[in-house]
Amino acid sequence: MADAVDLFTQHWNRERPEVDVSPMAVLGRIQRLSRLIEQDLKRFFSEFGMEFWEFDVLATLRRSGGDEGLTAGALIKVAMVTSGAITNRIDRLVTKDWVERVPCPEDRRVIRVRLTPAGRKMIDDLLPKHMENEQRLLAALDLESRQQLAGLLRTLAESLGDGAPD
């Protein structure tokens, strides 16, 4: 079965046969899948009065912040956004009572961001539902195919400089 990218590459091969458009078969699909997944996640999270970035910050704090939370700098590294953007995101999450800013006991100049009880409940309640949704998104692939694809995408991401954050 052909998809849109197959059609695009066929057209380019007809119009410009001397140009190797084979990268489009991979990158075009990654881009299209990214948009489709973003649309689905936007719809999914809107059902819970949330945006994906909000889930992302809450999930980051839940899995790696512990009771003391993380600094804004640590959140910037994970979220890959500017300091202004993370400040805005934290402000919005504070307004929803999902996170709070607290001074670091060792150095009061350092401010940490941590989950409130409401934020912890939100992420703990939502995570299983999110995983069910992601399972649905990947239903066309069996476990072996998922693992192979995950490995290939990891290799590509690392080659482009996307390593694990410190």
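None of the figures in this text is laboratory data; all of them are computed from the coordinates on show. Computed from a predicted model, the values in this text were never measured in an experiment. Ideal geometry is used to build each Cβ from the backbone, glycine not excepted, and the neighbour counts take in all protein chains shown.
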Partners for residue 121 among aspartates and glutamates (Cα-Cα distance below 16 Å; same-chain residues under 8 apart left out)
54, 56, 67, 97, 100
Of the convex hull enclosing the alpha-carbon atoms of segment 42-166, the direction-averaged projected area in nm² is 9.0 nm²
How charged is the neighbourhood of residue 139? Take every other residue with its Cβ under 14 Å from the Cβ of residue 139, and add Lys/Arg as +1 and Asp/Glu as -1.
-2
Note: segment 35-87, point scatterers on Cα, Debye, no solvent; log10 I/I(0) at q = 0.16, 0.22, 0.28, 0.32 Å⁻¹ equals -0.54, -0.87, -1.05, -1.14
Which of the lysines could be linked to residue 42 by a straight reach, that is with a Cα gap under 20 Å, when you skip same-chain ones fewer than 8 residues away?
96, 129
Can you list, bin by bin at 10 Å, the percent of alpha carbon pairs in segment 60-113, starting at 0?
25, 59, 16
